[in-house]
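The values are calculated or read from the model by the stated rules, or taken from the named source; none is laboratory data. Remember, predicted model here, so these are calculated numbers, not experimental data. Here the Cβ positions follow ideal geometry from the backbone for every residue, glycine too, while neighbour counts run over all protein chains shown. Heavy atoms of the whole protein, side chains included, go into the accessibility calculation; ligands, DNA and RNA do not. Shrake-Rupley method; radii C 1.70, N 1.55, O 1.52, S 1.80 Å.
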Amino acid sequence: MVILTIHGNPPSKSNQYRVRAMVQKGKKPRAILYKSAELKAYEKSFIEEIPENCKVDMIGDLHMAVVCYFSSRRPDVDNAAKSILDCLQKGGVIRNDRSVMKLTLIKELDKDNPRVDIAIKRIR
């Protein structure tokens, strides 16, 4: 089992991508999708906060319980889940976010200490 706390408000993954036109000489312009500075900063901060003993690269079917303590009521907890799962994978806590078979999400408020509490256990 892995238990960890990450500080800060997780950004909504669906609102954190930007589109830019890429123009190359002699070619048709095409759209490029890229992460916002806010999402990049959150991912970096999240990964830096992961304790070394939690970087276990969990495999198998997983159950993840997540409590998001937001600083306001505005964010949607379901949109934050994707950012959290991606960060756990990039940070070496889980091998692949496809392994999460059961996900429990709870939204709470804490204006003074926004954070995410995460517990992950292998179920098979």
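So, in region 65-99, exactly how many residues are touching a strand residue (DSSP E or B) at 6+ places or on another chain (Cβ under 8 Å) and basic (K, R)?
Result for region 65-99: 2.
Taking the stated definitions as given, is K40 at pLDDT below 90, open to solvent by 80 Å² or more (accessible area, probe 1.4 Å), part of a helix (DSSP H, G or I) and closer than 24 Å to I3 by Cα?
Numbers: at pLDDT below 90: yes; open to solvent by 80 Å² or more (accessible area, probe 1.4 Å): yes; part of a helix (DSSP H, G or I): yes; closer than 24 Å to I3 by Cα: yes.
Against the criterion (at pLDDT below 90, open to solvent by 80 Å² or more (accessible area, probe 1.4 Å), part of a helix (DSSP H, G or I) and closer than 24 Å to I3 by Cα), K40 qualifies.
Check whether at least one residue in region 53-70 is in a helix (DSSP H, G or I), surrounded by fewer than 19 Cβ atoms within 10 Å (Cβ to Cβ), out of contact with any His (no Cβ under 7 Å at 6 or more places or on another chain) and of a type in the set (A, V, I, L, M, F, W, C), and report yes or no.
yes
Could you please give the count of residues in region 71-96 that are open to solvent by 70 Å² or more (accessible area, probe 1.4 Å), assigned to a loop (DSSP other than H, G, I, E, B) and either touching a Pro at 6+ places or on another chain (Cβ under 6 Å) or within 18 Å of I3 (Cα to Cα) (or both)?
Residues that pass the stated criteria total 1.
Yes/no matrix, rows are residues, columns are (1) at pLDDT below 95; (2) charged (D, E, K, R):
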| site | (1), (2) |
| --- | --- |
| R30 | yes, yes |
| S45 | no, no |
| E49 | no, yes |
| I106 | no, no |
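Would it be correct to say that G26 is open to solvent by 70 Å² or more (accessible area, probe 1.4 Å) and among the small types (G, A, S)? Walk me through how you get there before you give the answer.
Numbers: open to solvent by 70 Å² or more (accessible area, probe 1.4 Å): yes; among the small types (G, A, S): yes.
Spelling it out, G26 is indeed open to solvent by 70 Å² or more (accessible area, probe 1.4 Å) and among the small types (G, A, S).
Could you please tell me which pairs satisfy a Cβ distance under 6 Å, a separation of 6+ or placement on different chains, a first residue in region 95-122 that is more than 19 Å from N9 (Cβ to Cβ), and a second residue that is in a loop (DSSP other than H, G, I, E, B) and aliphatic (A, V, I, L, M)?
That search, which allows pairs on different chains as well, returns R95/I59; K121/M1.
Among the residues of region 75-92, which ones are under 26 Å from E52 (Cβ atoms) and over 12 Å from the mean Cα position of the chain (by Cα)?
From region 75-92, those under 26 Å from E52 (Cβ atoms) are 80-92; that's our starting set.
If the condition is that a residue be under 26 Å from E52 (Cβ atoms) and over 12 Å from the mean Cα position of the chain (by Cα), then G92 is the only one that fits.
Taking the conditions exactly as written (of a type in the set (K, R) and either touching a strand residue (DSSP E or B) at 6+ places or on another chain (Cβ under 9 Å) or assigned to a strand (DSSP E or B) (or both)), does K102 satisfy them or not? Steps first, please.
Details: of a type in the set (K, R): yes; either touching a strand residue (DSSP E or B) at 6+ places or on another chain (Cβ under 9 Å) or assigned to a strand (DSSP E or B) (or both): yes.
Taking the combined requirement at face value, the residue satisfies it.
Output the residues belonging to region 1-18 that are surrounded by fewer than 13 Cβ atoms within 10 Å (Cβ to Cβ), assigned to a strand (DSSP E or B) and modelled with pLDDT of 70 or more.
I3, H7 - these are the residues of region 1-18 that are surrounded by fewer than 13 Cβ atoms within 10 Å (Cβ to Cβ), assigned to a strand (DSSP E or B) and modelled with pLDDT of 70 or more.
Applying the selection to region 105-124, what residues are under 23 Å from I47 (Cβ atoms) and part of a loop (DSSP other than H, G, I, E, B)?
Matches in region 105-124: D110, N113, P114.
Which of the residues belonging to region 97-115 are touching a helix residue (DSSP H, G or I) at 6+ places or on another chain (Cβ under 6 Å) and open to solvent by less than 70 Å² (accessible area, probe 1.4 Å)?
Across region 97-115, the qualifying residues are D97, L105.
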